[in-house]
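Only the coordinates and a few stated rules stand behind these numbers; no lab work does. Note that this is a predicted model, so its numbers are computed, not measured. With ideal geometry, Cβ positions are generated from the backbone for all residues, glycine too; neighbour counts draw on all protein chains shown.
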Amino acid sequence: MEHSKTVLVTGASTGIGYYCAKALLSDGYRVIAACRKIADVSRLQAEGLSCIQLDLAKSESVQEAAREVLQLCQGQLYGLFNNAGYGQPGAVEDLSREALRQQFETNLFGLCELTNALLPAMFEQGQGRIIQNSSVLGFAAMPFRGAYNASKFALEGLTDTLRLELEGSGVYVSLIEPGPITSAFRKNALAALKANVDPSKSRLKETYELAFERLARTGPNSRFTLGPEAVYKPLRHALESRRPKARYYVTTPTYLMGYAKRLLSSRAMDWLLRRAGG
């Protein structure tokens, strides 16, 4: 295919977004990267990427970013990789309404608003690709990840509905569901945990101590951890295939959980998820 097509990659400051933005550019796509922090925007611009600021938790930022993207590509946006997001750890009983709201503002509401703002340009062209970066935790819940689980479960439901509604429009919608990938996810999750949960007031204080230790650990957290290049392969397929898949599993844990959910009883699945979730 001709790689002069424009793709917007959100959450491009580190990890999956950064790798995929650079790889798409190297493979001939015109890439517009988006980062929340101005310092990251400047850094990526210095590296030769077209980069804009986007804070999905703020509607005015989403609308301004959408206008800037369409201006940069003269309305010819082909692909949107909704990669930006973070994980809010904590037991459900310790999550405040505000912590849940913050999680959904970024992982769902802002993502949906951005997608809706860019869809008309794709409709006008009669083609487009929307790729949502979900997670194995978008279909398999694990303890202490309730806010993130909920936001990704919601994203999967929203995406499945959108895919059905866009049938025949020329715009295809896909989900990528990674397991453990090398990124700054744990670092950001640790910051969110410290900001929004007070373990000293929880009956699960000792469990939180283990969570802090796990999130502070550097290096791969699992022998199944893959690099961000593992996400790039399905991203390319979703962008270029004439019939992109509705879902792309990435990493062994995602495949294992997918099989287990279809085969095991709820009781057996709960046992497995408690073990897997630490």
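The table below lists the values:
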| item | result |
| --- | --- |
| Convex hull volume per residue for the range 87-206, taking Cα atoms only, in Å³ | 111 Å³ |
| Approximate spin-label separation Asn116-Gln45, in nm, with each point projected 7 Å along Cα-to-Cβ | 3.0 nm |
| Among 40-50, 8-18, 194-204, the order from most to least packed when residues are scored by Cβ within 10 Å on average | 8-18, 40-50, 194-204 |
| Cut-off under 5 Å, modelled amide H: who pairs with Phe144 long-range | Val92 |
| Potential lengthening between Val92 and Leu164 on full extension [0.36 nm per residue; Cα-Cα distance subtracted] | 22.8 nm |
| Pairs of Cα atoms farther than 23 Å apart, the range 1-105, % | 31 percent |
| The chain: C-alpha pair distances exceeding 24 Å, % | 49 percent |
| Burial order of peptide ranges 116-122, 158-164 (average beta-carbon count within 10 Å, highest first) | 116-122, 158-164 |
| Cβ-Cβ FRET estimate between Glu68 and Lys233, R0 fixed at 25 Å, reported to 0.05 | 0.30 |
| R0 of 30 Å, Cβ-Cβ distance Phe212-Tyr255: FRET efficiency to nearest 0.05 | 0.50 |
| Amide H within-cut-off set for Leu54, under 5 Å, with H built and near neighbours excluded | Cys35, Arg36 |
| Value at 222 nm in deg cm²/dmol, rounded to 500, when DSSP H runs of n ≥ 4 in the chain each add -39,500 (n - 2.57) | -15500 deg cm²/dmol |
| Folded to 0 to 90 degrees: helix 229-240 orientation relative to the chain principal axis, Cα | 40 degrees |
| Rounded to 10°, Cα long-axis angle of helix 59-72 versus longest principal axis of the chain | 30 degrees |
| Helix axis angle, 110-125 relative to the chain longest principal axis, alpha carbon, degrees | 30 degrees |
| HN-Hα J in Hz across the range 259-267 - Karplus 6.51, -1.76, 1.60, θ = phi - 60°, x for Gly and Pro | 5, 4, 5, 7, 9, 8, 6, 4, 5 |
| Under Karplus coefficients 6.51, -1.76 and 1.60, residue-wise ³J(HN,Hα) of the range 185-199 in Hz, glycine/proline x | 4, 5, 4, 5, 5, 4, 5, 5, 5, 5, 6, 10, 10, 10, x |
| Descending Cα extents along the principal axes, the range 127-260, whole Å | 54, 28, 28 |
| Ordering of 184-192, 127-135 by packing [mean C-beta count within 10 Å, highest first] | 127-135, 184-192 |
